[in-house]
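Notes for the one structure printed next.
The values are calculated or read from the model by the stated rules, or taken from the named source; none is laboratory data. In this text the structure is predicted, and so the values were computed from the model without any measurement. Note that each Cβ is placed from the backbone with ideal geometry, even for glycine, and that neighbours are counted across all protein chains shown. Remember, those area values only see protein heavy atoms, side chains included, never the ligands or the DNA or RNA. Shrake-Rupley method; radii C 1.70, N 1.55, O 1.52, S 1.80 Å.
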Amino acid sequence: MSNQPGVKPSLRFGQVVIGPPGSGKTTYCQGMQEFLTHLGRKVVVVNMDPANEGIPYSCAVDISELVTLDDVMDGLKLGPNGGLLYCMEYVEANLDWLENKLKQYSDCYFLFDCPGQVELYTHQSSVKNIFSQLAKWNFRLTAVHLVDSHYCADPAKFISVLCTSLSTMLHVELPHVNVLSKMDLIEQYGKLAFNLDFYTEVMDLTYLLDHLAADPFFKKFRHLNEKLAEVIQDYSLVSFVPLNVQDKESMIQVLRAVDKANGYCFGDLEERNLQAMMSAAVGADFQFSSTLGVQEKYVKTSGKTVEDEMMEL
């Protein structure tokens, strides 16, 4: 990113915020921008979504200056999905524009607010190529993949979320943090069958399959569900960090995971606690107590005894 030929650009750290539509990506970027600013980091937010209108945060680089979804849909007579794919291919073909925009900001921490279309991160290559080019410009990025936490209340949807998360991790090829967003709404559409750590740590999915088998519709797909669960557990890559953007402790947990993933916590850009660095180095940041605290805050207890629950089973 330096104007002088032969001079290696300085390291730039940041997050690419991805996930399905409505999972809270823009709200996360706004909340994380405010949170990091209070920590003393110079934050630059880059809107990478050509369909993002009415952006609530202060946006330093806006991809809509290059291409917008409405213009593509009107000009090429494409639908919203096809139009968004074309937009990202257009951005990939005009990366020099993005490079010139990013050159203006040095010694900053970057948040890339990305489009909410799942196929962009599971099998379409444009966004992946853009991320790869950012890495060549000496960006050290973590993919923050947001999914709605209330999917945990539905076993079928949770297995679907796990498959999507795993596919995204394998395709995007970046250090990855999966986040359960909107924790304050986790039981909006039903109660959790297990403790929260069952979902955040993705424990033995055979218990979840038993719940699915109780549904007459999914009973005939039990063998398929078993194979999907086997794939997820064989890779053993997917886990989640719970998040409520309005909760400071929750934001700290997510930021700690992100900084560890992209290596920011090992740099000299801030004064850092040696003990925190060493615990990150050896992976000794135990999540059980923090997950238990989140569960007590957002998950209602049934008040039933163990005997009552066994009778229901």
> Fully extended, how many nm does the chain gain between TRP97 and LYS136 (0.36 nm per residue separation, minus their Cα-Cα distance)?
Replying inline: 12.5 nm
>> At 1.4 Å probe size, put TRP97, TRP137 in order of accessible surface, largest to smallest.
In response: TRP97, TRP137
> Quick one: putting +1 on the C-beta of Lys and Arg, -1 on the C-beta of Asp and Glu, what dipole do you get for region 45-113 around its Cα centre, in Debye to the nearest 20?
Replying inline: 40
>> Quick check: with the 1.4 Å probe, what order do PHE131, PHE35 take by accessible area, largest first?
In response: PHE35, PHE131
> Which value, in Å² and to the nearest 10, is the accessible area of PHE194 when all protein chains are kept and the probe is 1.4 Å?
Replying inline: 50
> Looking at the square roots a ≥ b ≥ c of the eigenvalues of the Cα gyration tensor of region 1-139, which shape do they give, rounded for a/c under 1.5, prolate if a/b is larger than b/c, or oblate?
Replying inline: oblate
> So what's the gap between the Cα centers of region 61-133 and region 174-198, to the nearest angstrom?
Replying inline: 29
>> Let me check something: with ligands and nucleic acids excluded, how do VAL231, VAL202 order by accessible area (1.4 Å probe), largest to smallest?
In response: VAL231, VAL202
>> Quick check: residue separation of ASP234 and TYR207 times 0.36 nm, minus the Cα distance between them. What number comes out in nm?
In response: 8.1 nm
> Leaving out ligands, DNA and RNA, what percent of the accessible area of region 76-223 is carbon and sulfur, probe 1.4 Å?
Replying inline: 51
> To the nearest 0.05, how large is the calculated FRET efficiency for ARG222 and ILE55 if R₀ is 41 Å and r is the Cβ-Cβ distance?
Replying inline: 0.35
